[in-house]
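The values are calculated or read from the model by the stated rules, or taken from the named source; none is laboratory data. What you see is a predicted model, and the numbers here were worked out from it, not measured in a lab. We place every Cβ from the backbone using ideal geometry, glycine too, and count neighbours over all the protein chains shown.
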Amino acid sequence: MNIKVDLILLTSRKRKSDNRHPVVIRLMEDRERKYKRIGYYYHLDEWDQKRNQPKKASNEVLRVLKNEQSKYLDKISKLQADGEEVSLDTIMGDVQKNKKPAKVLQYFQKTIAKLKIDSIGNSNVYQFVYKSFKTFLYAKQNKIEVENLKRQYKDEDLKGTKDIKFTELNKILLDSYNNWMIKRNANPRTRSLYFRTLKALYNKAVYDPDVRLSGDAMPFGTKEDKSKFAVSQFSKKTKKRAITSVDIAKIKALDLSDKRTLDEARDYFLFGVYGMGIDFVDIARLTWSDFNTKTSRIEYVRYKTRSRTDELVDFEIDEYTLPIINKYRPKNEILQPNDYIFSKILNRHIHTTEAQRHNRIRKVITRVNRKLKTIADKAEIYQPLSTKWTRHTFASILKLEVKASINEISELLRHGDVKTTEIYLKDLEVEDKDALVRKMKNIIG
């Protein structure tokens with residue numbers, strides 16, 4: 001009985017909203033086939049069909065993909081050696097049953113390898129937390145006091161660190177890690193980020209089909225539950241990050257005709273406010289395929305929440321947003337659906353990998369934020385204006401000047417957490433959404 005095990009990009013099934021296809025393990029016996037997704041997604045032009053692997057990927061990612069394929073090949077060899085039945089069902093079933101208790105550092109590495117494919121920023125955060133937590137375990141296991149630790153350790157210095165199971169990640173250990181970070185002069189903001197990342201890692205492991213871990217032992221909880229570690233203990237009141245319609249009028253009134261980079265920064269900021277608070281990273285990643293010419297709407301999936309939901313966010317293209325789009329539209333060029341709308345930020349021919357796109361966007365954000373602070377000074381606003389202010393400004397004007405309800409704002413911003421906007425609201429009609437946003441735009445002018 002000949003069963004073939006392949007690692008392939010599955011293009012015949014439903015793909016994600018950003019047109020990426022899932023990488024799967026395909027088991028074939030005669031004409032029968034079974035597929036197992038392994039959590040990686042690629043566009044067609046990013047996949048080498050002959051070698052059945054990504055065209056550009058780190059050795060770590062390639063190793064993870066090959067290991068997934070090896071699980072099934074090893075199972076076939078074992079079943080044959082034991083003289084047991086070898087079928088698609090027994091192979092698929094036994095591999096699923098063969099889940100092992102996950103270890104924290106090991107799962108960190110697996111997660112980082114996956115994130116490096118399409119979320120470089122997140123992979124960097126996970127890498128920082130991984131290194132910090134590993135150093136903490138190293139110090140704890142070797143009984144090294146904080147004052148005797150080096151400021152930075154190389155990977156080879158930490159090789160002897162013993163990994164721990166997720167079940168050992170309890171409140172006592174987390175409290176110890178927190179105190180250790182305080183002694184290392186980590187501020188509350190850093191500690192909040194690191195513990196939120198640890199919590200996210202735990203949740204990923206709980207829902208990972210290849211990991212045996214119950215959510216019942218989750219060590220994170222609320223402040224009220226003294227048996228759990230509360231990430232919310234680090235929360236502080238956020239400083240104001242919004243300007244008024246009067247401030248925007250000042251920005252629009254500036255003559256920047258001879259200052260190209262300032263003018264460009266202003267356009268991105270205004271587009272962000274007009275575009276229902278669209279984040280800069282989403283502005284940068286908009287392609288012409290996101291522009292629905294039949295409805296005159298931009299339709300996209302938020303980059304920040306794409307791993308949790310494929311829900312489309314949409315807004316109207318009108319007399320406020322269309323001139324900005326046309327201003328950066330290449331002249332005398334035939335545009336392709338996957339060309340970027342704001343091609344001064346990203347170019348599909350140059351920024352071909354996720355790492356290149358991530359680095360380019362970060363570089364442009366730094367430059368734009370610097371220019372926005374200059375713009376704020378020129379407009380006599382005296383606020384540290386940045387790209388992050390567009391979303392808050394949009395919400396603030398809706399609330400204070402349009403007098404929209406928090407329910408409506410929640411829906412427009414696609415907030416899914418009751419703690420973020422306090423109240424949920426079922427879908428508004430598109431006409432109602434547009435009417436609210438038009439009121440805001442009319443106020444701004």
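If you scan segment 339-387, which residues turn out to be β-branched (V, I, T), in contact (Cβ under 8 Å) with a residue 40 or more places away in the chain and not in a helix (DSSP H, G or I)? The answer is I341, I345, T352, T353, I381, T387.
Before we move on, is L256 in the same structural domain as K378 (by TED's automatic domain parsing), buried (at least 16 other Cβ atoms within 10 Å of the Cβ) and assigned to a loop (DSSP other than H, G, I, E, B)? It is true that L256 is in the same structural domain as K378 (by TED's automatic domain parsing), buried (at least 16 other Cβ atoms within 10 Å of the Cβ) and assigned to a loop (DSSP other than H, G, I, E, B).
The residues of segment 302-328 that are loosely packed, with under 15 Cβ neighbours inside 10 Å, of a type in the set (D, E, K, R) and either in the same structural domain as N19 (by TED's automatic domain parsing) or assigned to a loop (DSSP other than H, G, I, E, B) (or both), listed by number, are K304, R308, D310, E311, E319.
With respect to the conditions (1) assigned by TED's automatic domain parsing to the domain that holds H351; (2) on the phi < 0 side of the Ramachandran plot, K199 lacks only one, and its number is (1). Any residue that is surrounded by fewer than 16 Cβ atoms within 10 Å (Cβ to Cβ), closer than 27 Å to I361 by Cα and without any contact (Cβ under 8 Å) to a residue 24 or more places away in the chain - is there at least one of those in segment 203-213? Checked against the condition, which is being surrounded by fewer than 16 Cβ atoms within 10 Å (Cβ to Cβ), closer than 27 Å to I361 by Cα and without any contact (Cβ under 8 Å) to a residue 24 or more places away in the chain, segment 203-213 yields no hits at all. Is it true that some residue in segment 196-209 is farther than 28 Å from S386 by Cα and not in a helix (DSSP H, G or I)? The answer is yes, given that some residue of segment 196-209 is farther than 28 Å from S386 by Cα and not in a helix (DSSP H, G or I). Give the residue that is surrounded by the most Cβ atoms within 10 Å (Cβ to Cβ), with candidates limited to residues of segment 227-239 that are modelled with pLDDT under 85 and not in a helix (DSSP H, G or I). Checked segment 227-239; the qualifying residue surrounded by the most Cβ atoms within 10 Å (Cβ to Cβ) is S235. Scanning segment 108-159 for residues that are surrounded by 15 or more Cβ atoms within 10 Å (Cβ to Cβ) and outside any helix (DSSP H, G or I) yields S119, L149, Y153.
In segment 99-135, how many residues are hydroxyl-bearing (S, T, Y), out of contact with any strand residue (DSSP E or B) (no Cβ under 8 Å at 6 or more places or on another chain) and within 22 Å of E68 (Cβ to Cβ)? Full working, then the answer.
Of the residues in segment 99-135, the ones hydroxyl-bearing (S, T, Y) are 107, 111, 119, 123, 126, 130, 132, 135.
Narrowing further to those that are out of contact with any strand residue (DSSP E or B) (no Cβ under 8 Å at 6 or more places or on another chain): 111, 119, 123, 126, 130, 132, 135.
Cutting the leftovers down to within 22 Å of E68 (Cβ to Cβ) gives us 111, 119, 123, 126, 130.
Residues in segment 99-135 being hydroxyl-bearing (S, T, Y), out of contact with any strand residue (DSSP E or B) (no Cβ under 8 Å at 6 or more places or on another chain) and within 22 Å of E68 (Cβ to Cβ): 5 in total.
Within segment 374-386, not a single residue is more than 30 Å from L262 (Cβ to Cβ) and either assigned by TED's automatic domain parsing to the domain that holds E316 or modelled with pLDDT under 75 (or both). Applying a threshold of 8 Å to beta carbon distances and a minimum spacing of six or more residues, or different chains, the list of pairs starting in segment 38-56 at a residue that is of a type in the set (F, W, Y) and ending at one that is surrounded by 15 or more Cβ atoms within 10 Å (Cβ to Cβ) and part of a helix (DSSP H, G or I) reads Y40/V61; Y40/L65; Y40/K114; Y40/I117; Y41/I117; Y41/D118; Y42/I117.
Conditions (1) of a type in the set (D, E); (2) farther than 30 Å from K36 by Cα; (3) surrounded by fewer than 16 Cβ atoms within 10 Å (Cβ to Cβ); (4) in contact (Cβ under 8 Å) with a residue 12 or more places away in the chain, marked per residue:
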residue: W180; (1), (2), (3), (4): no, yes, no, yes
residue: T197; (1), (2), (3), (4): no, no, no, yes
residue: K223; (1), (2), (3), (4): no, yes, yes, no
residue: A249; (1), (2), (3), (4): no, yes, yes, yes
residue: R266; (1), (2), (3), (4): no, yes, no, yes
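Does V430 meet the test of being at pLDDT below 65, among the β-branched types (V, I, T), surrounded by fewer than 19 Cβ atoms within 10 Å (Cβ to Cβ) and within 24 Å of I317 (Cα to Cα)? Please lay out each step first, then the result.
Numbers: at pLDDT below 65: yes; among the β-branched types (V, I, T): yes; surrounded by fewer than 19 Cβ atoms within 10 Å (Cβ to Cβ): yes; within 24 Å of I317 (Cα to Cα): yes.
Criteria met by V430.
Within the span defined as segment 347-358, one or more residues are assigned by TED's automatic domain parsing to the domain that holds R285, charged (D, E, K, R), surrounded by fewer than 20 Cβ atoms within 10 Å (Cβ to Cβ) and modelled with pLDDT of 90 or more. Kindly indicate whether any position in segment 71-78 is modelled with pLDDT of 85 or more, touching a helix residue (DSSP H, G or I) at 6+ places or on another chain (Cβ under 9 Å) and farther than 19 Å from Y207 by Cα. Within segment 71-78, none of the residues are modelled with pLDDT of 85 or more, touching a helix residue (DSSP H, G or I) at 6+ places or on another chain (Cβ under 9 Å) and farther than 19 Å from Y207 by Cα. Residue pairs whose Cβ atoms lie under 7 Å apart, separated by 6 or more positions or on different chains, with the first residue in segment 301-323 and at pLDDT 75 or above and the second basic (K, R) and not in a loop (DSSP other than H, G, I, E, B), are Y303/R285; D314/R297; F315/R297; E316/R297; I317/R297; Y320/K441.
Taking the condition of being in a loop (DSSP other than H, G, I, E, B) and surrounded by 17 or more Cβ atoms within 10 Å (Cβ to Cβ), how many residues in segment 268-301 meet it? Let's see the steps before the verdict.
From segment 268-301, those in a loop (DSSP other than H, G, I, E, B) are 275-279, 286, 293-296, 301; that's our starting set.
Those still in the list that are surrounded by 17 or more Cβ atoms within 10 Å (Cβ to Cβ) too: 275-279, 286, 301.
Here the count works out to 7.
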